[in-house]
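Working notes, beginning with the structure itself.
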Amino acid sequence: MPGMLQTIATAFEELPRQATTLQDITHLQGRLGGPKPSPSFVGVASGAAQTMLPSPLTFAHGTVYVHNRRTDESRPVVQPLARTGVPTVDATFHKRSEMLMQEMASEFSKFSLAGLAWAEQQARDEATLDAERAAEDAAIAKKRFEEDAAIAARRAQQDGERSQHDGVAGTSFRASRDEEVSALSTRWRTKFAELAASLEEALLAHEQQLALDEQRRKEEEARMQEKATREAQYAAERAKGHAELAEDARRLAELAALRLATTPSLRSLALVSCEHVAPAIGYACPVAGTPLRLHDRSWWKCLHLLEAEGLTPPLKATEYASGLFHALDDDADDAVVCADAGYLLALLTTGSTRDRIDAACDAPGAPGGGLTVTSAAAARQLQLCARARKMCAPKLTALLRNVSTADTTAMVPVPAADSLERSVATLFAGTASIPADRFRQWAATTPTVATLFAPLSRY
């Protein structure tokens, strides 16, 4: 790179010559707009600076040079004079015409030469300017070459000094650094080993304390739970005793009022125990599979037996008895299935949840009757109770409260059929059959099933 810059700098040290050069010809041709110059040059004596002389510029005959964009403009075309036929006149005016033509050609030639001289001068000025700028560029290149050489020398000196430092001082520095890093690694490994040992000791102590705290907490929770259980049992016993006393007093008062009443009422069915419902229906329908009806007086026979067990005043042949029958008749076909009647009458009579379950299962035709119960029979019994409760319980509640059936529909809870099936499947757990007493006790103590046998008189 420095050799090339030196060559450029020395190439422009000579001053431009005054003779016409190829560059002058190129500038002139560019301004004239003519073709590129041909390589025909006239050389000067050998050994001297070579001078380039262009071949004479040629233009088409009869053209005029105006400027570099109009180099071949045609001269005005003049129509020749007409012939008069008079020789002297024609000769005179022909001579004058030729003279005018020569004058016009001379004047246009001077005009063209003036334009060409101006264009040549412009080309020379531009060539001079280019030569001056080339000399300036050479000086700048030379200066830059000198600066680059100084910078390269300084950098070479710096590189030599740095190499010497790396060779001597660097070796000693690296050796001392290796020793220091080994000592640092050993010291910090020892510190972290001591820290890990302390952590293990602290963790062991913490775990022991946690175990001790957990044991104390469990002992305290056990004492508090035992105390709370005793207090809750005592409170529950007291509340249960008060509730039972209040309920007994209320029930006794209500039953006493019903016994002393003289007007028939459906609420008087509470004077009859649930255990008498199934025998009364069996007495009214001795033939298995026959329903209770009005026209064959089987319904009146059932009420007659219930009256013998405490129902007062009598309901036979009253509008209350007819309304009760139609409330039990869910499909309005003037027939009530004995199993449905046993379940619904048990909801209106008095007794415990287990008594109502026994009445529903012991009614003639009930699927849950007998000493043992299969899974299918248990499911049918609960589905029968759910269907009867859903269809007839709102109407029975409306009769008891003397309101419309629409007002009591939401007052009677009915478990979903799928939840009852899942409960039965859980009870049997693949067993073919179980004792009827176990099934009835389970139905009385399972919350999802016991709601089917909740009495209607409380709603």
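Readers should treat all values here as calculations from the given coordinates under stated rules, not as data from a laboratory. Computed from a predicted model, the values in this text were never measured in an experiment. Cβ placement follows ideal geometry from the backbone for every residue including glycine, while neighbour counts extend to all protein chains displayed.
Fewest-first ordering of Phe192, Phe108, Phe325 by other beta carbons within 10 Å of each residue's beta carbon gives Phe192, Phe108, Phe325.
Given in Å, the Rg to one decimal and the Dmax to the nearest whole number for the Cα atoms of segment 134-180 are 19.6, 64. For segment 266-453, relative contact order (Cα pairs under 8 Å, six or more residues apart, normalised by length) works out to 23 percent.
Packing around the peptides 113-125, 443-455, 340-352, 209-221, taken as the average count of other Cβ atoms within 10 Å per residue, puts them in this order, highest first: 340-352, 443-455, 113-125, 209-221. Candidate cross-link partners of Lys395 among the lysines, defined by an alpha-carbon separation under 20 Å and a same-chain spacing of 8 or more, comprise Lys316. Near Leu452: Cβ cut-off under 12 Å, other residues only, Lys/Arg at +1 and Asp/Glu at -1. The net charge is +4. Computed over segment 266-453, the alpha-carbon pair-distance distribution with 5 angstrom bins reads 1, 9, 17, 22, 21, 15, 10, 5, 1, 0, each value a whole percent.
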